[in-house]
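Chemist: The structure follows.
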Amino acid sequence: MSGPVLSARGLRKSYGDRVVLDGIDLDIHQHDVVCLIGSSGSGKSTLLRCLDLLEQIDDGVIELDGREVSDPHVDPRAVRREIGMVFQAYNLFPHLSVLDNCTLAPVRVHGTDRDEAESRSRELLTRFGLGDKASAHPDQLSGGQQQRAALVRALCTGPRVLLLDEITAALDPELVGEVLEMVRAEARAGMTMVLATHEMAFAREVATRVCFLDRGRILEQGPPEQLLTNPGEERTRQFLRRVLPS
Amino acid sequence: MTVFVLVVLVWVVTSSAGWPRFHETFLSWPDAKKAFPDIARGFWTNVKMFLIAEPIILVIGILVAITRSTVSPWLTPLRGAAVLYTDLLRGVPTLLVVVLLALGVPALRLTGLTTSLFWLTLVALVLSYGAYVAEVVRSGIESIHPSQIASAQALALSRPQTMRHVVLPQALRRVAPPLLNDFVSLQKDTALVSAVGVSEALFAAQDYGNFNFNYTPLLVAGAFFVAITIPLARFTDWLGRRALRRQRG
């Protein structure tokens, strides 16, 4: 067993006086599907953004393949090339067609030949039911289609880790399923993922590990069947009582 | 109602005491015809200035705007220069810039520098409008939501790539209407160079007026400008609608 693909040690981050991450330790091994749960403001999104080096951390270490990447001398782009990230609000580029959204990074960042990038993008779009939307612009798609397109865009560069930041939170309930189906397929295919989510049923189904975040700390983590049904901490139990209707 | 107001207005104007005199000096058909060729030739100068200046202004505006939105500490002096340029050139009347360059530069007697009034006044217009356009473009750049930049960064695009492929295309689309408004305004302001004697349409009209004591040619020159600016405005409306249709579908 090799070491973790991505790991965080003693991660700290605050905005002014407000501490958002308060000493996070997290290891993500290959084929892990780690679900981050916790109430709004618990630091889930910030943690994902820090892992992608989109936020500067105040203290701690982030390692990719055992190499410290939180060092200011490391070019964050070299890290982001290996990591795919999808946001809650899709963030597709509205001036580009779906296909151009997907090929932008492969062509401009990874130096892939345009024809090759296009055929790979079309293949992925088709696999996820967006084959006929390649030349459409994002505003012409439904929310679910936009989020699936954003997922395809993140997959087009062949990332080793996928970070998903509450990607169904902005969707109408009837559109959540199609997006989760796609994540499920990726999980089954062995994609390493870290996802912040409010979908507890989905977390239980796909996660190899669930982390409960509370006030910037990972209060508790473990396999989903244990953590979601029989948590050790009172705070976790309170949270689960609120989000699980039964 | 509109018709009624117009009729009343026309009646008030045409029954004024000075109307016969006004009619003679400003609405003389023979004078209009006589001055027409000179004004047309002059107007070609306006059109040339506009066509040459516009692309240069756009390039300068974009470059200055991009410079102002950089964050690298290395570029601080350049950012300062860009701020100084926009502040100064927007604060000074365009006419003043025109006169300063047209009179000042030849007075320096620098060898190798043009003394052609056409080019000097063109540079003045470019400098003045470049500052306006830079501010319009900058407002467009700043209007792009940070989430767009975050998602470009997440795809590992560099800052210049993010600017070139994500921010600028959206920013320019967004500011196209005010930008084109500035260009319509530039088309009119090419007449400012008449102040230093470049023989464009307004100069030709004034010249005729001063020589023949008839100012009808001023209206002829006005008609020339309107003949370009109105279609230009309609064209920009159409461009804007088409861009929206493409994106919204």
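The values are calculated or read from the model by the stated rules, or taken from the named source; none is laboratory data. For clarity, every value in this text was computed on a predicted model and none was experimentally measured. Cβ sites come from the backbone with ideal geometry, for glycine too, and all protein chains shown count toward neighbours. The accessibility values were calculated without ligands, DNA or RNA, using every heavy atom of the protein model including side chains. Shrake-Rupley method; radii C 1.70, N 1.55, O 1.52, S 1.80 Å.
Chemist: What number of residues within the range B:136-149 are touching a residue at least 24 places away in the same chain (Cβ under 8 Å) and either within 14 Å of chain A (Cβ to nearest Cβ) or open to solvent by less than 30 Å² (accessible area, probe 1.4 Å) (or both)?
Modeler: 6
Chemist: Which residue is nearest to B:PRO73 (Cα to Cα), if the candidates are limited to the range B:155-173 and must be in contact with a Gly (Cβ under 9 Å, 6 or more places away or on another chain) and open to solvent by 10 Å² or more (accessible area, probe 1.4 Å)?
Modeler: B:LEU168
Chemist: While we're looking at this one, here's another question. When you go through (1) within 22 Å of A:THR192 (Cα to Cα); (2) more than 20 Å from the chain's Cα centre (by Cα); (3) within 14 Å of chain B (Cβ to nearest Cβ) one by one for A:ARG160, which number turns out not to apply?
Modeler: Single failed check for A:ARG160: (2).
Chemist: Could you go through the range A:63-81 and let me know if any residue there is touching a helix residue (DSSP H, G or I) at 6+ places or on another chain (Cβ under 8 Å), among the basic types (Lys, Arg) and open to solvent by less than 30 Å² (accessible area, probe 1.4 Å).
Modeler: yes
Chemist: For the range A:75-92, does any single residue satisfy the condition of being among the β-branched types (Val, Ile, Thr), within 13 Å of chain B (Cβ to nearest Cβ) and over 15 Å from B:GLN153 (Cβ atoms)?
Modeler: No, the range A:75-92 contains no residue that is among the β-branched types (Val, Ile, Thr), within 13 Å of chain B (Cβ to nearest Cβ) and over 15 Å from B:GLN153 (Cβ atoms).
Chemist: Hey, another quick one. Give A:ASP115, A:ASP17, A:ASP27 a once-over and let me know the one that is within 27 Å of B:PRO160 (Cα to Cα) and either within 14 Å of chain B (Cβ to nearest Cβ) or surrounded by fewer than 17 Cβ atoms within 10 Å (Cβ to Cβ) (or both).
Modeler: Of A:ASP115, A:ASP17, A:ASP27, the one residue that is within 27 Å of B:PRO160 (Cα to Cα) and either within 14 Å of chain B (Cβ to nearest Cβ) or surrounded by fewer than 17 Cβ atoms within 10 Å (Cβ to Cβ) (or both) is A:ASP115.
Chemist: Hey, another quick one. Please pick out the residue among B:ALA152, B:ALA131 that is buried (at least 20 other Cβ atoms within 10 Å of the Cβ), within 10 Å of another protein chain (Cβ to nearest Cβ), out of contact with any His (no Cβ under 7 Å at 6 or more places or on another chain) and among the hydrophobic types (A, V, I, L, M, F, W, C).
Modeler: B:ALA152
Chemist: Exactly one condition in (1) more than 9 Å from chain B (Cβ to nearest Cβ); (2) open to solvent by less than 20 Å² (accessible area, probe 1.4 Å); (3) aliphatic (A, V, I, L, M); (4) assigned to a loop (DSSP other than H, G, I, E, B) is not met by A:LEU99; state its number.
Modeler: Answer for A:LEU99: the failing condition is (4).
Chemist: Scan the range A:30-43 residue by residue and report those that are open to solvent by less than 10 Å² (accessible area, probe 1.4 Å) and closer than 16 Å to A:LEU6 by Cα.
Modeler: A:VAL33, A:VAL34, A:CYS35, A:LEU36
Chemist: Confirm whether B:ASP237 is of a type in the set (Asp, Glu) and surrounded by fewer than 17 Cβ atoms within 10 Å (Cβ to Cβ).
Modeler: So B:ASP237 fits the description; yes.
Chemist: What is the number of the single condition among (1) touching a residue at least 60 places away in the same chain (Cβ under 8 Å); (2) touching a Phe, Trp or Tyr at 6+ places or on another chain (Cβ under 6 Å) that A:HIS198 does not meet?
Modeler: Failing condition for A:HIS198: (2).
Chemist: Would you say A:LEU104 is part of a helix (DSSP H, G or I), facing chain B (nearest Cβ under 7 Å) and open to solvent by less than 40 Å² (accessible area, probe 1.4 Å)?
Modeler: Yes.
Chemist: Would you pick out the residues in the range A:103-130 that are under 23 Å from the mean Cα position of the chain (by Cα) and among the β-branched types (Val, Ile, Thr)?
Modeler: A:THR103, A:VAL107, A:VAL109, A:THR126 - these are the residues of the range A:103-130 that are under 23 Å from the mean Cα position of the chain (by Cα) and among the β-branched types (Val, Ile, Thr).
Chemist: Every residue in the range B:72-98 that is of a type in the set (Val, Ile, Thr) and without any contact (Cβ under 8 Å) to a residue 40 or more places away in the chain, please.
Modeler: Across the range B:72-98, the qualifying residues are B:THR76, B:VAL83, B:VAL92, B:VAL97.
Chemist: Kindly check whether there is at least one residue in the range A:89-96 that is of a type in the set (Phe, Trp, Tyr), open to solvent by 10 Å² or more (accessible area, probe 1.4 Å) and under 26 Å from A:GLU220 (Cα atoms).
Modeler: no
So that you can scan it fast, the table gives a plain yes or no per residue for (1) at pLDDT below 85; (2) open to solvent by less than 70 Å² (accessible area, probe 1.4 Å); (3) farther than 30 Å from B:HIS23 by Cβ; (4) among the aromatic types (Phe, Trp, Tyr):
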site: B:PHE183; (1), (2), (3), (4): no, yes, yes, yes
site: B:LEU192; (1), (2), (3), (4): no, yes, no, no
site: B:LEU219; (1), (2), (3), (4): no, no, no, no
site: B:GLN247; (1), (2), (3), (4): yes, yes, yes, no
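Chemist: Right, here's the next one. Tell me whether the range A:48-59 contains one or more residues that are more than 14 Å from chain B (Cβ to nearest Cβ), more than 24 Å from A:LEU195 (Cα to Cα) and of a type outside the set (Ser, Thr, Tyr).
Modeler: no
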